[in-house]
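**Student:** Attaching a single structure in structure tokens format; questions to follow.
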Amino acid sequence: MPTLYIVGTPIGNLEDLTLRAARVLSEVSLIAAEDTRVTRRLLNHLDIHPRITSFHQHNWQGKLEVVLAQLVDGDVALVTDAGMPGISDPGSELVNAAAQLGFKVEVVPGPSAVTAALALSGFPGDGFLFLG
């Protein structure tokens, strides 16, 4: 069963990408990216060159069926410019559609701006609220 991977990407330092994320990005048949220019910098840093298409808040309705059709033929990764797709970024529509069609959906965790900022602040982390 083909898989949609929701891949967390670095929030600035390209070396913050996990080994699993690098492997997944090198193995998928297509990467759906919020901004292909930003994602290409990451892929060039990794020296991998998969197929890539844009998938963002201004074109997701037109691209949804295209990406789902590609998912029929092989694994797809969803990435955003920095951080986790669907968290204050586009992508939840693709995740929901893929799941409803019975595709496997996996998350590949990555850096988190909110938890990094909380850790750096020195504030207690047992009661914070993120509103997006």
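**Student:** Please work out if Ile48 is at pLDDT 95 or above and either touching a Lys or Arg at 6+ places or on another chain (Cβ under 6 Å) or surrounded by fewer than 19 Cβ atoms within 10 Å (Cβ to Cβ) (or both).
**Tutor:** Spelling it out, Ile48 is indeed at pLDDT 95 or above and either touching a Lys or Arg at 6+ places or on another chain (Cβ under 6 Å) or surrounded by fewer than 19 Cβ atoms within 10 Å (Cβ to Cβ) (or both).
**Student:** Considering only residues that are assigned to a helix (DSSP H, G or I) and crowded, with 17+ Cβ neighbours inside 10 Å, which ones fall in the stretch 1-35?
**Tutor:** Correct list: Ala21, Ala22, Val24, Leu25.
**Student:** Mind listing whichever residues of the stretch 115-130 are touching a helix residue (DSSP H, G or I) at 6+ places or on another chain (Cβ under 7 Å) and of a type outside the set (A, V, I, L, M, F, W, C)?
**Tutor:** Within the stretch 115-130, just Gly125 meets the criteria.
**Student:** Restricting attention to the stretch 89-117, which residues are open to solvent by 40 Å² or more (accessible area, probe 1.4 Å) and modelled with pLDDT of 90 or more?
**Tutor:** Listed by number, the residues that qualify are Ser92, Glu93, Asn96, Ala99, Gln100, Leu101, Gly102, Lys104, Val105, Glu106, Val107, Pro109.
**Student:** Now for a separate question. Here are some residues: Leu71, Leu42, Leu78. Which one is open to solvent by less than 30 Å² (accessible area, probe 1.4 Å), outside any loop (DSSP other than H, G, I, E, B) and over 19 Å from Leu14 (Cβ atoms)?
**Tutor:** It is Leu71.
**Student:** Could you list all residues from the stretch 99-130 that are among the hydrophobic types (A, V, I, L, M, F, W, C), in contact with a Leu (Cβ under 9 Å, 6 or more places away or on another chain) and over 19 Å from Thr9 (Cβ atoms)?
**Tutor:** Matches in the stretch 99-130: Ala99, Leu101, Phe103, Phe128.
The values are calculated or read from the model by the stated rules, or taken from the named source; none is laboratory data. Computed from a prediction, not measured in an experiment: that's the story for all the values here. Note that each Cβ is placed from the backbone with ideal geometry, even for glycine, and that neighbours are counted across all protein chains shown. SASA here: full protein model, heavy atoms, side chains in, ligands and nucleic acids out. Shrake-Rupley method; radii C 1.70, N 1.55, O 1.52, S 1.80 Å.
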